[in-house]
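The values are calculated or read from the model by the stated rules, or taken from the named source; none is laboratory data. All values derive from a computational prediction rather than experimental measurement. No Cβ is skipped: glycine too gets one built from the backbone with ideal geometry, and neighbour counts run over all protein chains shown.
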Amino acid sequence: MRDAGLEVRSDAAGNLIGRREGLSERRAIAVGSHIDTVPNGGRYDGALGVLAGIECARALAAGGPPLRHALEVIAFANEEGARGSAWLFGSRAVAGLLEPEEVGRPDEEGLALADRVAVFTGGPNAIDGARRPPSDFRAYLELHVEQGPMLQALGCPIGVVEGITGRVSMQATFRGAANHAGTTPMDLRRDALVAAAHMVLEVRRLVLDERLARVGTVGQLAVEPNALNIIPGVARVALELRDGSDEVLAAVPERIRRSAEAIATRSGTAVEVHHLGTTRAVPTSPAMQAAIERAAATCGLRTYRLPSGAGHDALAMGHLTEMGMIFVPSAGGVSHSPRESTSAAACVDGCDVLLNAIAETDQLPVLAGEN
């Protein structure tokens with residue numbers, strides 16, 4: 001299959017990869033993002049970066065400046081994390097960052113992620129087959145909508161990402177006693193949902209009052225038996241905390257565990273706390289930030305440096321190679337919503353900067369230890 005002068009293939013993790021050879025250096029400058037989205041999500045998150053990468057490949061194939069390096073455009077699979085699977089699935093498979101317990105954990109239909117991938121690939125070791133060595137890449141560039149309000153508020157067309165936040169994901173399962181809602185006195189109840197509600201508020205308190213992390217969210221709650229006239233016997237709370245410091249994130253699991261156990265003691269319930277995973281924060285290299293700023297200046301566009309509070313495939317790729325991210329404004333700072341919007345002019349600006357950033361990155365000196 002060919003598109004935009006690229007040889008296109010799918011890897012074992014479902015990532016779609018197009019490759020165009022450079023003149024002298026087979027290591028690739030990779031560009032891309034993802035095309036999956038969250039339930040009821042928007043049209044720009046991820047997809048903009050993939051389409052922009054294809055457009056840049058077309059421009060280069062049509063007579064743009066020749067590159068020393070090969071160019072890869074990658075549409076990563078399952079960045080958002082569907083069916084209970086790990087987020088950044090495709091890019092973490094490429095970077096070799098998926099943990100055995102993640103790919104072996106059953107989803108809501110009882111099928112492990114490794115087995116689900118094997119259904120489509122026909123092989124038991126499909127995920128391992130997607131892994132790439134650092135020597136394959138010179139750098140990774142990703143264009144993305146900001147998903148926040150800063151660029152629009154500042155009237156700035158281009159954001160230069162300083163780094164991507166890390167994340168700790170956890171689940172607390174409170175077990176009480178299901179009983180009749182009309183006949184069980186209030187002081188004799190062991191209500192699992194009440195305990196879970198205290199956990200929701202505790203996450204907010206830990207972040208606002210104790211500064212445990214930059215942000216914290218309880219985004220998922222499951223109740224059993226989930227009937228109007230039955231006291232809940234089981235309540236599962238899924239939560240995440242994000243911060244730009246790995247040292248800060250390292251303290252999160254134990255602190256959440258202590259809070260959950262204290263709530264369980266006060267509410268007469270039992271609790272099981274599971275650490276679902278930690279994704280380390282990844283900084284953007286100064287050289288890549290400067291390359292993006294030069295690219296924007298070539299286009300006559302102002303820039304603003306800012307951190308990324310959202311995770312992106314660049315986070316995983318940053319474990320393999322230098323990475324850089326370009327943000328364009330999100331209308332109203334809205335994302336993960338059908339109201340997500342970025343103007344056509346802003347998308348064009350971002351694509352122009354990406355094309356020039358590819359050229360700038362192509363000319364960067366070789367890093368120490370590379371050959």
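Looking for whichever is touching a strand residue (DSSP E or B) at 6+ places or on another chain (Cβ under 8 Å), in a strand (DSSP E or B), touching a residue at least 40 places away in the same chain (Cβ under 8 Å) and of a type in the set (A, V, I, L, M, F, W, C) here; the options are A235, A222. Which one fits? It would help to see each step written out before you state the result.
Details: A222 fails: touching a residue at least 40 places away in the same chain (Cβ under 8 Å).
Residue meeting the stated conditions: A235.
Of everything listed in (1) in a helix (DSSP H, G or I); (2) surrounded by 21 or more Cβ atoms within 10 Å (Cβ to Cβ), the single unmet condition for Q152 is (2). Is the stretch 257-276 home to any residue that is touching a residue at least 24 places away in the same chain (Cβ under 8 Å), among the aliphatic types (A, V, I, L, M) and touching a Lys or Arg at 6+ places or on another chain (Cβ under 6 Å)? Scanning the stretch 257-276, I find at least one residue that is touching a residue at least 24 places away in the same chain (Cβ under 8 Å), among the aliphatic types (A, V, I, L, M) and touching a Lys or Arg at 6+ places or on another chain (Cβ under 6 Å), so the answer is yes. Scanning the stretch 48-76 for residues that are surrounded by fewer than 24 Cβ atoms within 10 Å (Cβ to Cβ), among the small types (G, A, S) and touching a Lys or Arg at 6+ places or on another chain (Cβ under 8 Å) turns up A61, A70.
Out of L206, L228, L249, L212, one residue alone is in a loop (DSSP other than H, G, I, E, B) and over 27 Å from E108 (Cα atoms). It is L212.
When only residues in the stretch 79-89 that are surrounded by fewer than 24 Cβ atoms within 10 Å (Cβ to Cβ) and touching an Asp or Glu at 6+ places or on another chain (Cβ under 8 Å) count, which is nearest to R167 (Cα to Cα)?
So, considering only residues that are surrounded by fewer than 24 Cβ atoms within 10 Å (Cβ to Cβ) and touching an Asp or Glu at 6+ places or on another chain (Cβ under 8 Å), the one nearest to R167 (Cα to Cα) is W87.
From the list V161, V103, the lone residue that is modelled with pLDDT under 85, crowded, with 17+ Cβ neighbours inside 10 Å and under 24 Å from L241 (Cβ atoms) is V103.
Collect the residues in the stretch 215-235 that are surrounded by 18 or more Cβ atoms within 10 Å (Cβ to Cβ) and under 23 Å from the mean Cα position of the chain (by Cα), keeping them in residue-number order. Spell out the reasoning first.
Filtering the stretch 215-235 for residues surrounded by 18 or more Cβ atoms within 10 Å (Cβ to Cβ) gives 216, 218, 231-235.
Passing the criteria: G216, V218.
Filtering E202, E240 for residues that are acidic (D, E), more than 23 Å from the chain's Cα centre (by Cα) and either at pLDDT below 95 or crowded, with 18+ Cβ neighbours inside 10 Å (or both) leaves a single hit, E202. Would you point out the residue of the stretch 12-47, among those that are of a type in the set (S, T, Y) and crowded, with 20+ Cβ neighbours inside 10 Å, that is farthest from L355 (Cα to Cα)? Restricting to residues being of a type in the set (S, T, Y) and crowded, with 20+ Cβ neighbours inside 10 Å, the top hit is Y44.
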